[in-house]
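Let me begin by presenting the structure, written as structure tokens, before commenting on it.
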Amino acid sequence: MKLTKLIFSASLAFGLLAGATVPGTASAAGKTTSQLQKEVNSLKSQLKKKDAIIKQKDASIKKRDTTINNYKKKYMLDPVMAQLNYQGLMTSTTYTYGTKSAPSILSYGGLFYAPVQMISSTIGMPYSYNSSNKTVYLGDKPDGQYMMDNSRLVPFYGTRTGPNREINSPMSIGNQVYNKGLQYYSRGDEKFSFNLGGKYTKIQGLLGLDDSDNNSSLKVKFTDEKGNVIYEGELTEGQLGLELELAVSGVKTLHLETYSNYEVLVDFANVTIQ
């Protein structure tokens, strides 16, 4: 009996020294069962919150996918198995550009679309793209910016009162239509001024009488704010136009003066500035 008690006491002492637990006492990690249960509950709560966030993300992704699919249905271009015929020159139903290919003709909303590159090569007209102003140029790219696109460079007065000019309206010289530039009626002496502010170096453009009114002569002169002559010339009756390149470095105000014996329609077309 004494031997049994002695063995039990020794076993109990060994267990306590080894970190054995008794209900309600400290565990091997130094935490009670109730503390561990709290940690478990906390982790479950965190998992629940994470699940809620995941559900919100899934709902957002589903909504975005729905928006994308609706956009595709609304704006998707449908390929048309058709060729483009330009004055007898026929394209294939598929246009290949380098290593890329695309249908030659696409349809959307009752309208037909074709790659600019394909149109360029078909009609023999160069194209280019300016990423800074998001513009595709079909034909020769302007050297500089179109002068009349800048509202600060539009001429600010004429010699007569009332409307006397059109800006960026269709004009025709030598049966060539231009959509950029200045058009005005010249009756006797006419004068326009451009506020350059000394910021530019060169102006280029075609100055001539419009095809609708090419039956007279016209004297032309460009001067700066000090009266210095930059260009002076004359258009004779029937002449198609004057190809001008004006050096305007340091010029603050540019004056355009024209003179004609009769009322004539003057075009200053495709005017670029740099």
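The values are calculated or read from the model by the stated rules, or taken from the named source; none is laboratory data. These numbers were taken from a predicted model, which means no experiment stands behind them. We place every Cβ from the backbone using ideal geometry, glycine too, and count neighbours over all the protein chains shown.
Entry remark, the stretch 194-207: residues being surrounded by fewer than 20 Cβ atoms within 10 Å (Cβ to Cβ) and either farther than 15 Å from Pro155 by Cβ or out of contact with any Phe, Trp or Tyr (no Cβ under 9 Å at 6 or more places or on another chain) (or both) number 6 in total. Look at the stretch 179-203: where a residue is assigned by TED's automatic domain parsing to the domain that holds Leu256 and closer than 16 Å to Asn150 by Cα and a partner is among the aromatic types (Phe, Trp, Tyr) and surrounded by 14 or more Cβ atoms within 10 Å (Cβ to Cβ), sitting 6+ places away or on another chain with Cβ atoms under 6 Å, you get Lys180/Tyr146; Gly181/Phe268; Leu182/Phe268. In this structure, does Ser217 turn out to be over 19 Å from Asn168 (Cα atoms) and assigned by TED's automatic domain parsing to the domain that holds Arg165? Yes: the conditions hold for Ser217. Do you know which of the residues in the stretch 158-179 that are surrounded by 18 or more Cβ atoms within 10 Å (Cβ to Cβ) and modelled with pLDDT of 90 or more is nearest to Leu218 (Cα to Cα)? Selected residue: Ile173.
For the list (1) aliphatic (A, V, I, L, M); (2) under 19 Å from Asn150 (Cβ atoms); (3) assigned to a strand (DSSP E or B), I need the number of the one condition that Val266 fails. Against the list (1) aliphatic (A, V, I, L, M); (2) under 19 Å from Asn150 (Cβ atoms); (3) assigned to a strand (DSSP E or B), Val266 comes up short only on (2).
Could you pull out the residue among Thr99, Thr94, Thr135 that is of a type outside the set (Phe, Trp, Tyr) and either closer than 30 Å to Lys202 by Cβ or touching an Asp or Glu at 6+ places or on another chain (Cβ under 8 Å) (or both)?
Numbers: Thr99 fails: either closer than 30 Å to Lys202 by Cβ or touching an Asp or Glu at 6+ places or on another chain (Cβ under 8 Å) (or both); Thr94 fails: either closer than 30 Å to Lys202 by Cβ or touching an Asp or Glu at 6+ places or on another chain (Cβ under 8 Å) (or both).
Being of a type outside the set (Phe, Trp, Tyr) and either closer than 30 Å to Lys202 by Cβ or touching an Asp or Glu at 6+ places or on another chain (Cβ under 8 Å) (or both) holds for just one of Thr99, Thr94, Thr135, which is Thr135.
Taking the stretch 217-231 as the range and being assigned to a strand (DSSP E or B) and in contact (Cβ under 8 Å) with a residue 12 or more places away in the chain as the test, the residues that pass are Leu218, Lys219, Val220, Lys221, Phe222, Thr223, Ile230, Tyr231. Is it the case that the stretch 191-211 has a residue that's among the β-branched types (Val, Ile, Thr), in a loop (DSSP other than H, G, I, E, B), at pLDDT 90 or above and farther than 20 Å from Glu257 by Cβ? Checked against the condition, which is being among the β-branched types (Val, Ile, Thr), in a loop (DSSP other than H, G, I, E, B), at pLDDT 90 or above and farther than 20 Å from Glu257 by Cβ, the stretch 191-211 yields at least one hit.
Residues of the stretch 237-251 that are surrounded by 16 or more Cβ atoms within 10 Å (Cβ to Cβ), in contact with a Gly (Cβ under 6 Å, 6 or more places away or on another chain) and not in a strand (DSSP E or B): Gly241 alone. Annotation note: Cβ proximity below 7 Å between a residue of the stretch 139-159 that is outside any loop (DSSP other than H, G, I, E, B) and a residue that is at pLDDT below 80 (sequence gap 6+ or interchain) occurs for Met147/Leu153; Met148/Val154.
Give the residues of the stretch 208-229 that are surrounded by fewer than 14 Cβ atoms within 10 Å (Cβ to Cβ) and among the small types (Gly, Ala, Ser), sorted by residue number. If you could, list the steps in order and put the result at the bottom.
So the first thing to find is which residues in the stretch 208-229 are surrounded by fewer than 14 Cβ atoms within 10 Å (Cβ to Cβ), and the list is 212, 215, 226-229.
Answer for the stretch 208-229, where residues must be surrounded by fewer than 14 Cβ atoms within 10 Å (Cβ to Cβ) and among the small types (Gly, Ala, Ser): Ser212, Gly227.
So is Glu234 closer than 23 Å to Asn150 by Cβ, assigned to a strand (DSSP E or B), acidic (Asp, Glu) and in contact (Cβ under 8 Å) with a residue 12 or more places away in the chain or not?
Details: closer than 23 Å to Asn150 by Cβ: no; assigned to a strand (DSSP E or B): yes; acidic (Asp, Glu): yes; in contact (Cβ under 8 Å) with a residue 12 or more places away in the chain: yes.
It is false that Glu234 is closer than 23 Å to Asn150 by Cβ, assigned to a strand (DSSP E or B), acidic (Asp, Glu) and in contact (Cβ under 8 Å) with a residue 12 or more places away in the chain.
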